[in-house]
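The values are calculated or read from the model by the stated rules, or taken from the named source; none is laboratory data. Not measured: the values here are computed from a predicted model. Because the Cβ atoms are built from the backbone with ideal geometry, glycine has one as well, and the counts that use them run over all protein chains shown. Note: accessible area is taken over every heavy atom of the protein model, side chains too, but ligands, DNA and RNA are not part of it. Shrake-Rupley method; radii C 1.70, N 1.55, O 1.52, S 1.80 Å.
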Amino acid sequence: MEITLMQGIGLALMAIVVGLDFWLEALFIFRPIIVSTLTGMILGDLQLGLICGGITELAFAGLTPAGGTQPPNPVLAGVMSVVIAYITGQGAEASMALALPFSFLMQYVILFCYSTFSFFMKGADKAADDADIKGIYKTNIICTCIIAVLYGAIVFLCAYAAQDAMKAFVEMLPAWLTHGFEVAGGILPAVGFAMLLRVMLKFEFVPYLLIGFVIACFLDFSNLLPIAIVGVALALLVYNIEEKIGAAKTAVEEDFEDENLV
């Protein structure tokens, strides 16, 4: 299938919004599961967007910017995994693996911007010394607009202008290499989830991990909705227990204070 000019423009506009969200780390709509879903909506294949988004999100689960570090770009990964699957007919796993070079490309572009924007800092420092709020505001707006233009332009060029080249490239790949991308795409979500667990997993959370593992692997469901409902139920259960414990601690502290006052 081909991407039309209007769809390419729509993808570029969407990339500007989610790219700025990634730049500012505001609403976290830059995560692949959201970006891929929006991409699927624009291309008219929501199911494809959801499937690619779920796989890509797992692969990027443990990758998030912290301080000055810049991980592989989740926006380009989310967009291009759906675009590649849409125009080439590849599966979600192979498309996610093939989208990684675009993610690395945007990662290096953002790192280049980090270095280049240092030239603006002299003017920003002078504006701060002079208490020039408008000058500081102008510097931030200029840098943000540059990022917005880069996201829109790169996504438009990769998704629309280069679609014929991408399709030809994927079609010329030998079957064994395409299968290798499928295998890599199937492994990467497990790696991403393992990276997330390495940071977040604590002993008190192990029971919930085991419950989810048993439900996902040994019970036959046609979709993941029952697992999600069980997860929500467990989250509400923990929340209610912690609320009761917090209320009990507050009551004990108040009683202790009242006894001391007497």
For this session: Could you grab me the full set of residues in the range 19-30 that are at pLDDT below 90 and open to solvent by 30 Å² or more (accessible area, probe 1.4 Å)?
Result: W23, L24, E25, A26, L27, F28, I29
Exercise. Within the group L177, L157, which residue is free of Cβ contacts under 8 Å to residues at least 40 places away in the same chain and closer than 13 Å to L98 by Cβ?
Worked result: L177
Seminar exercise, completed: L201 vs (1) closer than 20 Å to I55 by Cα; (2) within 21 Å of the chain's Cα centre (by Cα): all pass except (1)
Exercise. What are the residues in the range 192-210 that are part of a helix (DSSP H, G or I), open to solvent by 70 Å² or more (accessible area, probe 1.4 Å) and aliphatic (A, V, I, L, M), if any?
Worked result: M195, V199, M200, L210
Problem set entry | Residue that is farthest from G152 (Cα to Cα), among those in the range 82-125 that are open to solvent by 70 Å² or more (accessible area, probe 1.4 Å) and without any contact (Cβ under 8 Å) to a residue 24 or more places away in the chain | D125
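Residues being over 9 Å from the mean Cα position of the chain (by Cα) and modelled with pLDDT under 90: count how many of those fall in the range 59-79. Give the steps one after another, and end with the answer.
Quick first cut of the range 59-79, residues over 9 Å from the mean Cα position of the chain (by Cα) only: 59, 62, 65-72, 76, 79.
Those still in the list that are modelled with pLDDT under 90 too: 59, 62, 65-72.
Going through the range 59-79 one residue at a time, the tally reaches 10.
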Exercise. On the given criteria, is G212 among the small types (G, A, S) and either in contact with a Phe, Trp or Tyr (Cβ under 9 Å, 6 or more places away or on another chain) or under 30 Å from L5 (Cβ atoms) (or both)?
Worked result: no
